[in-house]
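The values are calculated or read from the model by the stated rules, or taken from the named source; none is laboratory data. Computed from a predicted structure; not experimentally measured. Neighbour counts are summed over all protein chains in view; Cβ atoms, including those assigned to glycine, are modelled from backbone coordinates with ideal geometry.
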Amino acid sequence: MVNFEFLCPTKIVFGKGTEKKTGELTKQYSDKVLLHYGGSSIKKFGIYDKVVKSLHEAGIDFVELGGVVPNPRLSLVREGIQICREQNIKFILVIGGGSVIDSAKSISIGVPYKGDVWDFYTDKATAKEAIGIGVVLTIPGAGSEASDGSVITNEEIHYKRSANSFFNIPKFAIMNPEFTVTVPKYLTACGAADIMSHVFERYFTQVQNVDFTDRLCEAVMKTIIVNLPIVLREPNNYDARAEIMWANTVAHNELLTTGRIGDWGSHMIEHEVSAIYDVAHGAGLTVVFPAWMKYVYKHDINRFVQFAIRVWNVDLSFGSLDAIALEGIRRMEKFFKDCELPVRLGEMNVPNKNLEKMAEKAVEFGEIGNFVKLGESDVLNILKLAL
């Protein structure tokens, strides 16, 4: 286990009716906010009205900026920065999931910065201050409500990049699992896949003697494996949705990173796929991860055997270590398929004509990944395995 520091400053307010506390919590930071959200679904299903009612009761004024889309766009971030500066807004309230939260994070670090906010995503600048963020979560998956990261797509040049900063971490997150009932089945599955992928990135580490966090990672993965099929069959099952929503936060608030070094190569590969083809991030990950696993599993076969046995219930007597490891990957693929998620690029209508371009962009700043360092040829081979 390696040395670590752990801090999770986001206040989590979890459960039924917790949206009623939105105004009270927001009031602690500002009397005027940017209300940031995606499409019309929050208005259609009454979430918007509930949040706005709470803001009005607390005497909070707001300026709206909707229109966030999956793989959130840099152009809308720049618009949000301009609004906050012109309106002297010092706090952003998010209603939505990871895309809206990431957009808000980008706006928050961009408002006080004198240069272009894209600088943070190309390692030209590091955030030193930001305006605050609060979240009313509607879609579990990204874990962005309590993380320090954000991912933004520069649609003009088809680049999708991340920026991490303590200043990105939201002040509070209101999490009512009832708000997730209206999320379409496919997006529910994509969110759950994103949760599992966040754990995969941490679970596959070269650091030894991390059994405690191994067990925590396995608990999160098993929680998704058990509860995702339930919510896909029974959309109104509150208890299963609550399990997924809380697992989502724990998967990405850095608790599972403590004492270990994660990989993150698969996420960087997927970013290149969704930057060009605008596929759902979770779906892109269910395609990339099996291919990555097949490419690297022999690097530490014992870890993949552990993954197969503890997470996917492969019996130790199944066969050779290779057979056990590969059976774990096969069962993972079957789980994704059973949840109607893709496991091949072609299933997302991604052609093979840009594989070389994606591989080149993925390693533009050097090798990626930590479990196994990946160069351009490695990334290309993984993408070919995903065909």
Count, please, the residues in segment 69-99 that happen to be in a helix (DSSP H, G or I), closer than 20 Å to TYR159 by Cβ and touching a residue at least 40 places away in the same chain (Cβ under 8 Å). 6
Which residue is modelled with the lowest pLDDT, if the candidates are limited to segment 302-320 and must be of a type in the set (Phe, Trp, Tyr) and out of contact with any Lys or Arg (no Cβ under 6 Å at 6 or more places or on another chain)? PHE318
Which numbered condition GLU218 misses (of (1) surrounded by fewer than 24 Cβ atoms within 10 Å (Cβ to Cβ); (2) closer than 30 Å to LYS357 by Cα): (2)
Pair list, Cβ under 9 Å, 6 or more apart: segment 331-358 residue assigned by TED's automatic domain parsing to the domain that holds SER197 and over 11 Å from LEU285 (Cα atoms), other residue among the aromatic types (Phe, Trp, Tyr) and at pLDDT below 95: none
Here is a list of conditions, (1) in a loop (DSSP other than H, G, I, E, B); (2) closer than 26 Å to GLY366 by Cα, and THR286 meets all of them except one; can you say which number that is? (1)
All conditions in (1) touching a helix residue (DSSP H, G or I) at 6+ places or on another chain (Cβ under 7 Å); (2) at pLDDT 95 or above are true of GLN87 except (1)
Filter segment 221-246 for residues that are in a helix (DSSP H, G or I) and among the acidic types (Asp, Glu); which is surrounded by the most Cβ atoms within 10 Å (Cβ to Cβ)? GLU243
Output the qualifying pairs, or none if there are none: Cβ atoms under 6 angstrom, residues six or more apart or on different chains, first residue in segment 203-226 and farther than 20 Å from VAL2 by Cβ, second residue buried (at least 18 other Cβ atoms within 10 Å of the Cβ) and of a type in the set (Asp, Glu). THR223/GLU243
Do we find that VAL314 is outside any helix (DSSP H, G or I) and crowded, with 16+ Cβ neighbours inside 10 Å in this structure? yes
Of the conditions (1) of a type in the set (S, T, N, Q); (2) modelled with pLDDT of 95 or more; (3) more than 30 Å from LYS160 (Cα to Cα), THR286 satisfies every one except a single condition; which number is it? (3)
Failed condition for VAL343, given (1) in a helix (DSSP H, G or I); (2) touching a Pro at 6+ places or on another chain (Cβ under 9 Å); (3) among the hydrophobic types (A, V, I, L, M, F, W, C), with all others met? (1)
Tally the residues that are acidic (Asp, Glu) and touching an Asp or Glu at 6+ places or on another chain (Cβ under 7 Å), restricting the search to segment 1-47. 1
Would you call LEU187 hydrophobic (A, V, I, L, M, F, W, C), touching a residue at least 12 places away in the same chain (Cβ under 8 Å) and over 21 Å from LEU34 (Cβ atoms)? yes
Go through the residues of segment 87-105 one by one and say whether even a single one is among the acidic types (Asp, Glu), surrounded by 21 or more Cβ atoms within 10 Å (Cβ to Cβ) and closer than 24 Å to LYS361 by Cβ. yes
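Rundown of residues vs (1) within 13 Å of ALA280 (Cα to Cα); (2) surrounded by 24 or more Cβ atoms within 10 Å (Cβ to Cβ); (3) touching a strand residue (DSSP E or B) at 6+ places or on another chain (Cβ under 8 Å), yes/no style:
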position	(1), (2), (3)
ASP148	no, no, yes
ALA173	no, yes, yes
VAL181	no, no, no
LEU187	yes, no, no
GLY191	yes, yes, no
ASP194	yes, yes, no
